[in-house]
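Step one of this worksheet: look at the structure below.
The numbers here are math on the coordinates, done by the rules we state, and not lab data. Every value quoted in this text rests on a predicted model; they were computed, and no experiment measured them. Note that we place each Cβ from the backbone using ideal geometry, even for glycine, and neighbour counts take in every protein chain shown.
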Amino acid sequence: MEELQGLMRDVKVVPHQSEWKGKFETEKRSLEKILKDATIHHIGSTSVPGLAAKPIIDILIEVPDLESIDDRTKEFSKLDFVGKGENGIPNRRYFYKGEGNERAVHLHVFPYGIDHVIRHLAFRDYLKEYSAEAQRYGELKSRLAKKFPHDMEGYIQGKDQFVKDLEKKAINWYEKNKREGN
């Protein structure tokens, strides 16, 4: 039933909300209390000014090792996070806060510097740098949310190829800037 709840969430994409940054900062302060050796990043569409998004704060956390996260599941639970283990992505620990349509936060915890970290940060930074790309992405998400208002899987599949293409551009851009020292 719990797995069905996740898939049964409505698809709601809204214009960018200025309070998303504050919500991230509040979660970050709480997480820093239990994760002294972590780097915490705001990722996903809510981290990109002006980008329409599902109103769920995505947080990427880099840690020295995942075993330390596995040992802290009770501490995450006290912060109202539900742990799902790898949840389909190797070398990740995934947590969420809020059930069904009340979903508020997704946590993605990875070891420092792995490809998944680079991919997420490059995607975010690329969209911040190229507002026309961010606008195209936001428009696609809004159209898909209207087409699939009660079908999260349809929404995700509808944007899959666009996201993959955008990720390639973002990673190439990120790597080029890294080589050039920007």
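Measuring nothing but how far apart in sequence close Cα pairs (under 8 Å, 6+ apart) lie, relative to its length, region 47-182 scores a relative contact order of 25 percent. Ordering of 55-65, 70-80 by packing is 55-65, 70-80, highest average first (other Cβ atoms within 10 Å, averaged per residue).
Short to long, the 10 Å bins of the Cα pair-distance histogram for region 71-182 hold 12, 32, 37, 17, 1 percent of all pairs.
Taking a sphere under 10 Å around the Cβ of Y94 and counting the other residues whose Cβ falls inside, with K and R at +1 and D and E at -1, yields a net charge of +2.
Considering only the other residues whose Cβ falls under 14 Å of the Cβ of F24, what net charge follows from Lys and Arg at +1 and Asp and Glu at -1?
+1
Compared with the direct C-alpha span, the chain from Q135 to E99 gains 10.1 nm at full extension, assuming 0.36 nm per residue. For region 1-91, the mean projected area of the C-alpha convex hull, equal to one quarter of the hull surface, is 6.7 nm².
Roughly what % of DSSP beta bridges within the chain run antiparallel, to the nearest 5?
Of the beta bridges lying entirely in the chain, close to 65 percent run antiparallel.
Taking 10 °C and 1.306 mPa s as conditions, region 1-153 diffuses translationally at an estimated 98 µm²/s according to Stokes-Einstein applied to its Kirkwood radius (Cα pairs).
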